[in-house]
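Input: a single structure, listed below in structure tokens.
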Amino acid sequence: MAREFGAPPVVFPSGGNPTVATGGNIQQRRVPTAPFQPSRPSNSGIPFMSFDIGSSATNTAGPIGGGTGPIGGAANFDEEEPLLDELGIHPDQIWKKTKSILNPFRVNPTFHKDSDLSGPIFLYLSFCLFQLLAGKIQFGVILGWIVVSSIFLYIVFNMLAGRNGNLDLHTCTSVIGYCLLPVVILSAVSLFVPQNGAIRFGVAGVFVIWATRACTNLMVAVADGGEEHRGLIAYACFLIYTLFSLLVIF
């Protein structure tokens, strides 16, 4: 036989759950409210966007990068230096230095105080090109002789000048490279001169003396302590440009 147990009524707090009222009141159910939804502007073109794209574009403080131009971060190219100047290549100075070598009796050492390697590289490539037209591939040989000649003349000059010598290797390489211009002209002239004969050797001797005189004058002018040893410096320069001329003759 089942027994019935009397249990007190359960009272729920007001919030949507049904409540059982004491004293026989009817159970009541509270209607649940809809969840919170943010307000959407009526002028939005995209239904799921809750902000105005036009207003955010007009209220921007400035372009990215802090630029003041029409495009954010755009640089003013009028104030930029030319690309050749940024690379350290100055065509006007190269032309002045090259033109000063054309007159072996009046070499202007003023332009060669500021040494560079752009002009020597151009003359080196020109020399290799004329040798290539003559059927001789000597790119590595000429480059190696330029390096060895620069180190050789740098050591000889500073040994002769002693403590008074202030010639650096960069200046020495620049001077030897620019004074290579007569040999470059010789390589161009040799394309139209017979291969064998005294004329070829005579023309080569003239250009070697030209390059030797120009290089000696510049070495003595751009560095201190070489005036009293001009003869020995000229002999070293003569050996250097004789080696280059032998590439052209043979």
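Taking all protein chains together, W210, W145 sort by accessible area into W145, W210, largest first [probe 1.4 Å]. Distance from the alpha carbon centroid of the stretch 146-167 to that of the stretch 98-113 works out to 20 angstrom. D114 contributes an accessible area of around 90 Å² to the protein surface, as traced by a 1.4 Å probe with all chains present.
Residues with beta-carbon under 13 Å from that of D114, excluding D114: net charge, scoring Lys, Arg +1 and Asp, Glu -1? Mind showing how you got there, number by number?
On the way: positive: K96, K97, K113; negative: D92, D116, D168.
Value of the local net charge: 0.
Sequence-ordered 3J(HN,Hα) estimates for the stretch 93-108 from the Karplus curve with 6.51, -1.76 and 1.60 and θ = phi - 60° stand at 5, 4, 5, 5, 5, 5, 5, 5, 7, 5, 10, x, 8, 9, 7, 8 Hz, glycine and proline given as x. What whole-number distance in Å separates the alpha-carbon centres of the stretch 227-250 and the stretch 194-221? The stretch 227-250 and the stretch 194-221 have Cα centres separated by 9 Å.
Working from label points 7 Å from Cα in the Cα-to-Cβ sense, the L125 to L87 distance is 0.8 nm. Taking 27 Å as the straight-line reach from the Cα of K113, the lysines in range (excluding those fewer than 8 positions away in the same chain) are K96, K97, K99. When nucleic acids and ligands are ignored and a 1.4 Å probe is applied, H90 ends up with an accessible area of around 60 Å².
The values are calculated or read from the model by the stated rules, or taken from the named source; none is laboratory data. What you see is a predicted model, and the numbers here were worked out from it, not measured in a lab. Please note: Cβ atoms are built from the backbone with ideal geometry, for glycine as well, and neighbour counts cover all protein chains shown. Heads up: the accessible areas ignore ligands, DNA and RNA and are worked out on the full protein's heavy atoms, side chains in. Shrake-Rupley method; radii C 1.70, N 1.55, O 1.52, S 1.80 Å.
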